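First the structure, in the form of structure tokens, and then the observations on it.
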Amino acid sequence: MDTHPFGMEILSCENRLSRFHTHICRPLSALKGQFADQAAYNQMLRTGDPVVYEVYEVLRPVVAGELPHGLSIVHPGRVGDEYFMTKGHFHSVRDTAEIYHCLKGHGLLLMQNEGGEWATEELRPGRLVYVAPGWAHRSINLSETEDLVTFFVYPGHAGHDYEAIERRGFLKLVVQCDGTFRVVDNRVGSGVVER
Ligand code: PAN
Ligand code: ZN
């Protein structure tokens with residue numbers, strides 16, 4: 001991989017970077033078990049498999065001094081009352097942070113740590129969120145119409161651990177209620193019902 005400095009553009013109109021290595025599209029079918037309303041999830045899949053989010057990433061060598069970075073685009077939509085969102089993950093190396101900078105749209109970064117604490121931070125254009133080391137994170141699009149576009153950067157040796165979230169979900173769900181969003185308990189996440 002090239003070890004020289006480089007520059008690039010964030011192409012806002014097209015929601016992409018002028019240079020990147022990977023472009024991942026996550027369709028609804030890739031989020032099996034993540035949305036609480038499974039009947040709504042299955043129903044939605046019967047009529048298609050919409051792209052829930054996309055990621056453009058500039059990869060870097062897997063070492064502590066590097067900074068992989070990219071653009072995350074969560075499309076608008078809901079499964080039942082629950083907004084479209086990313087899978088969410090811990091970093092494999094727990095002691096690694098991340099920065100998200102919102103460029104477009106309106107969303108939430110939902111976070112939780114292994115001690116059972118949780119937090120949300122709103123994402124609006126110009127707003128930055130610092131995901132502290134040890135906190136799992138998921139981006140959620142609260143808009144009915146607009147994409148949620150964020151720029152992220154994290155340490156090169158962080159790695160991604162999806163398993164804990166896939167197994168138990170997040171402690172909280174973010175749902176639409178009376179025209180606004182609510183953060184509610186995830187009864188599955190609390191272990192009351194097995195997913
Ligand atoms: C981001 C996320 C991106 C997609 O690059 O990977 O927003 O979310 P999932 O990885 O949860 O599908 C990041 O947090 N990297 O560490
Ligand atoms: Zn991350």
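In the range 32-86, which residues are farther than 17 Å from His21 by Cα, within 16 Å of ligand 2 (Cβ to nearest atom) and surrounded by fewer than 17 Cβ atoms within 10 Å (Cβ to Cβ)?
Within the range 32-86, Ala64 is the sole residue that qualifies.
Of everything in the range 153-170 that's open to solvent by less than 20 Å² (accessible area, probe 1.4 Å) and out of contact with any strand residue (DSSP E or B) (no Cβ under 9 Å at 6 or more places or on another chain), which residue is farthest from ligand 1 (Cβ to nearest atom)?
If we take residues in the range 153-170 being open to solvent by less than 20 Å² (accessible area, probe 1.4 Å) and out of contact with any strand residue (DSSP E or B) (no Cβ under 9 Å at 6 or more places or on another chain), then Gly169 is farthest from ligand 1 (Cβ to nearest atom).
Within the range 139-152, track down each residue that is away from ligand 2 (no atom under 14 Å from the Cβ) and crowded, with 21+ Cβ neighbours inside 10 Å.
Selection gives Ile140, Asn141, Leu142, Leu148, Val149.
The values are calculated or read from the model by the stated rules, or taken from the named source; none is laboratory data. Predicted model, so just to flag it, every value in this text is computed and none were measured. Don't worry about glycine lacking a Cβ; one is built from the backbone with ideal geometry, like all the others, and counts go over all protein chains shown. Just the protein is used for accessible areas: all its heavy atoms, side chains included, with ligands, DNA and RNA removed. Shrake-Rupley method; radii C 1.70, N 1.55, O 1.52, S 1.80 Å.
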